[in-house]
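Worksheet: the structure to be examined is printed underneath.
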Amino acid sequence: MKQGKIILIALILVLSTPASGTDIFTADSMAGAAVCGNNTVEAGEACDDSNMNGDTCSTAAAGFKSGTLRCQPDCSGYDISACTPGNTINAASCSQEDVQSAIESASEGDTIAVPDGSCTWPRAVQITKPLTIMGAGSGPDGTKLIAGTVLNNGFFYITGFTSLTELVRITGFDFNSVNFTPYTAAIKVQNNGISLKKLRIDHSEFHYGYNAIIIAGSNGVIEHNTFYNPLMGISFTAGTRAQADASWETMAAGTADALFIEDNEFIYDADYPASYSYSQESIGTFNGGKLVVRYNHWDATNYPNGPRLTIDPIMTHGNADGGCGGVGYWEFSSCPRRGQSVVEVYNNTMVGKRIDWLMIARGSANLIHDNTVTLSAGYAPSIKLREEEYDTTGVVNPPRAAWPAEDQVHNTFIWNNAYVWKGIPGVPSIRLAPDDPPPNEKIKLNRDYFLHAPQATGGKETFVCANGVSACNGAANSYPTDGVTYPTLGTLVFSAEGPNAYYPYTPYTYPHPLTTNSPASGNILPTVSLTAPTNGVTFSAPATISITANAFDSDGSVTKVEFYNGAALVGADNSSPYSFTWNDVAAGPYSISAKAIDNMGASATSGAITVIVSRQGQPLLDDDLDGVPNAIDNCPRTAATARSYVNIFGCALPIATKFDIKPDFNSTDINGMQNLELGISQFGKVTYANKTLLLVKISAGEDDRLNLDADLNISQGKISLDQNKLPQLNSPATITLYNTSFTNPKILRDGTECTNCNITSYDKGAKTLVFTVPGF
């Protein structure tokens, strides 16, 4: 899709009945937003068909160095099955010297495994090539790094890259920056004109620090970390001034071209260092770049409600002076001070005593939606919009109160945010800075900002540049000035005609593809197997069953093994040898398995074994020879071909290998299956709520296996059922379709509208549609 042109998609859902007796539910796209399969990467997509959006195995996934990268069928991420991983190099200890030595011996794409322990570092480790640095976890038995002095470059200093095609990952550490001041960091990314293509920082803890993470020039994702009491959690810029200018060349939202901060937790409590004397924003930005902040949680419940008062979760700066020699106006100097080009903030939750501002936006195009704030004190929260040029406190010199201004708030959309303040629900208000008072405010509703999602009417703002450069990106004369003091007016034009900018808006795929692409998420899964009891063994009620397992983790340690009967946890053991004694087990069949959990939180489950507990003195007759005694066999006429494929109730298991949404057929009585749900998570599912179904095939008076793989098909926007072979599924059902783009959905059957079908919900952002059907 060309920049600035968005084509509308209408979705039609079709129910057709082929002569074979197969009913089909399908979704056909008719032009518009993201279309998976057209070989064009559009908003919301990671890749499309053979178009990898410039990525390779080494940039789409940490820990790989070569191979063939493919796109997932739904365009939400990458298929790395044909990628080749790098080598793993074990650091001798967690000391700074040993970690630096391991890094220097590594090749691009390798993984440095840092063992557990607690080490104090006197200086940073420098990373100048694409590597994965993997600690043993952030828990008490993980890898803890302590700052021995002020670490201006952090524990890990990522710098000196010479290519735009490199990926670095830091994972599994506990960083303690103590309370050194100023500027002690944990991780710092610095470039000299060439940005790191991608960065992933994940599954770590950050304690204190003036800046826990400093990013100067990188896309990628910071995810699943916990930040305890930092002055500033994450500071982000595009890098150099030239890179900041370049970030304004395209103004697209919903793409991979951003730094993503997602699924993190920020905790502020009574341990907040008194030496900081004040609080600063958790996430702060300046000098260009695109930013997405989503699905994070702030907890300031125990933050002192005293002199430091409120916390500020997010603040994006515009062209504030910040060491620019008292000028501020960026076109008068090469000073690295630009606003961000596009900022997206959504689905975040914030809890505390005082959080006065959900967000402070000091420039940029912003999409702020679906955030919630819950407060027990202070004031009802607001969203603050301000412009640096209007500020009379000296951030630019001299100040100027006129529209338009440099990098000002524009094409900003704010919707579906909420708060609960002292038990009272509400919607965060919009507040302008005191130096931009109404009724002559320069940042105006329905011109610069809108209190709704991007929609088909209402107009948009467009930059008009002297030399035709798109978005006035800072190139020579692209943002005209009067040549003396101020920028020339008229560089931003509003047209009330046509759709809003970013309509229709589609957020980038979630979770970020980098979080799911790495081999075993950068952590090799543990292995586990049951050693006792043996499969098929019988006991007499009330039984005592001793369960034992072997478990091992090649790149860490096993922290716990859990033992299950079906989906029910019956016991656990935290140390080897792993065992549990299950007492007073009543008569019946049981499916036993074990799950091992490693020090990084990853888990693996063993194969299940079946044991049978019979009543005292009960003969173990088995007329159908399927291994399940008659007394507890719910399907006593199993066909000979199905005898090796029965569950613990003696019923023939359906063939359902392609479905990842399904019940545990082995431990479920499928002779009277209730609330069946079948689906493929990429595409959709069928749900039979409050219904009892027989999932056994009756053939010539015998119980045989249903072939769900062959007779129920779910693909992109399409569900088909052979009702002749699966008559028990020809019942009223709820169908959910995933990863489907649409605007105004309609249900059709055989080309005409299905009046008995009912759309119950749809979410265009999540690309999910739910509807009911009377049968197939």
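The values are calculated or read from the model by the stated rules, or taken from the named source; none is laboratory data. Fair warning: this is a prediction, and the values are worked out from it, not measured in the lab. Cβ placement follows ideal geometry from the backbone for every residue including glycine, while neighbour counts extend to all protein chains displayed.
Across segment 496-542, the qualifying residues are those that are of a type in the set (Gly, Ala, Ser) and within 28 Å of residue 681 (Cβ to Cβ), and the one among them that is modelled with the lowest pLDDT is 520.
Just one of the numbered conditions (1) modelled with pLDDT under 85; (2) over 30 Å from residue 722 (Cβ atoms); (3) surrounded by 18 or more Cβ atoms within 10 Å (Cβ to Cβ); (4) in contact with a Lys or Arg (Cβ under 7 Å, 6 or more places away or on another chain) is not true of residue 96: (1).
May I ask you to list pairs of residues, at least six apart or on different chains, whose Cβ atoms are under 7 Å apart, with the first in segment 84-99 being within 12 Å of residue 133 (Cα to Cα) and the second being assigned to a loop (DSSP other than H, G, I, E, B) and among the β-branched types (Val, Ile, Thr)? These pairs meet every condition: 91/114; 94/114; 99/114.
Summed over segment 74-92, residues that are buried (at least 16 other Cβ atoms within 10 Å of the Cβ) and of a type outside the set (Val, Ile, Thr) total 9.
From 644, 681, grab the single residue that is touching a Phe, Trp or Tyr at 6+ places or on another chain (Cβ under 8 Å) and among the hydroxyl-bearing types (Ser, Thr, Tyr). Break it down into steps so the answer makes sense when it comes.
Numbers: 644 fails: touching a Phe, Trp or Tyr at 6+ places or on another chain (Cβ under 8 Å).
Exactly one residue qualifies, and that residue is 681.
Tally the residues that are among the hydrophobic types (A, V, I, L, M, F, W, C) and in a loop (DSSP other than H, G, I, E, B), restricting the search to segment 328-369. So that I can check it myself, show each step before the final result.
Step one: of segment 328-369, the residues among the hydrophobic types (A, V, I, L, M, F, W, C) are 330, 332, 335, 342-343, 345, 350-351, 355, 357-361, 365, 367-368.
Checking the rest, the ones that are also in a loop (DSSP other than H, G, I, E, B) come to 335, 355.
The qualifying residues number 2.
Residues that are in a strand (DSSP E or B) and surrounded by 21 or more Cβ atoms within 10 Å (Cβ to Cβ) within segment 141-161 comprise 143, 144, 145, 147, 156, 157, 158, listed in sequence order.
One line per residue, one yes/no per condition, for (1) in the same structural domain as residue 656 (by TED's automatic domain parsing); (2) of a type outside the set (Gly, Ala, Ser); (3) out of contact with any strand residue (DSSP E or B) (no Cβ under 6 Å at 6 or more places or on another chain); (4) surrounded by 18 or more Cβ atoms within 10 Å (Cβ to Cβ):
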| residue | (1), (2), (3), (4) |
| --- | --- |
| 698 | yes, yes, yes, no |
| 702 | yes, yes, yes, no |
| 710 | yes, no, yes, no |
| 720 | yes, no, no, yes |
| 724 | yes, yes, yes, no |
| 735 | yes, yes, no, yes |
| 744 | yes, yes, yes, no |
| 752 | yes, yes, yes, no |
| 767 | yes, yes, yes, yes |
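Which residue out of 606, 546 is in contact with a strand residue (DSSP E or B) (Cβ under 7 Å, 6 or more places away or on another chain), in contact (Cβ under 8 Å) with a residue 24 or more places away in the chain and either surrounded by 15 or more Cβ atoms within 10 Å (Cβ to Cβ) or in the same structural domain as residue 667 (by TED's automatic domain parsing) (or both)? Just a single option satisfies the conditions, and that option is 606.
Scanning segment 473-486 turns up no residue that is farther than 30 Å from residue 71 by Cα, modelled with pLDDT of 50 or more, assigned to a loop (DSSP other than H, G, I, E, B) and of a type in the set (Asp, Glu).
Looking at segment 96-140 only, could you name the residues that are more than 26 Å from residue 59 (Cα to Cα) and in a loop (DSSP other than H, G, I, E, B)?
Here is the first cut: in segment 96-140, the residues more than 26 Å from residue 59 (Cα to Cα) are 96-98, 116-123, 139-140.
Of everything in segment 96-140, those that are more than 26 Å from residue 59 (Cα to Cα) and in a loop (DSSP other than H, G, I, E, B) turn out to be 116, 122, 123, 139, 140.
Scanning segment 693-707 turns up no residue that is at pLDDT 85 or above, among the polar types (S, T, N, Q) and under 19 Å from residue 734 (Cα atoms).
Based on what the data block shows, is residue 633 of a type in the set (Asp, Glu), surrounded by 17 or more Cβ atoms within 10 Å (Cβ to Cβ) and either under 20 Å from residue 589 (Cβ atoms) or free of Cβ contacts under 8 Å to residues at least 12 places away in the same chain (or both)? Considered against the rule, which asks whether it is of a type in the set (Asp, Glu), surrounded by 17 or more Cβ atoms within 10 Å (Cβ to Cβ) and either under 20 Å from residue 589 (Cβ atoms) or free of Cβ contacts under 8 Å to residues at least 12 places away in the same chain (or both), residue 633 comes out as yes.
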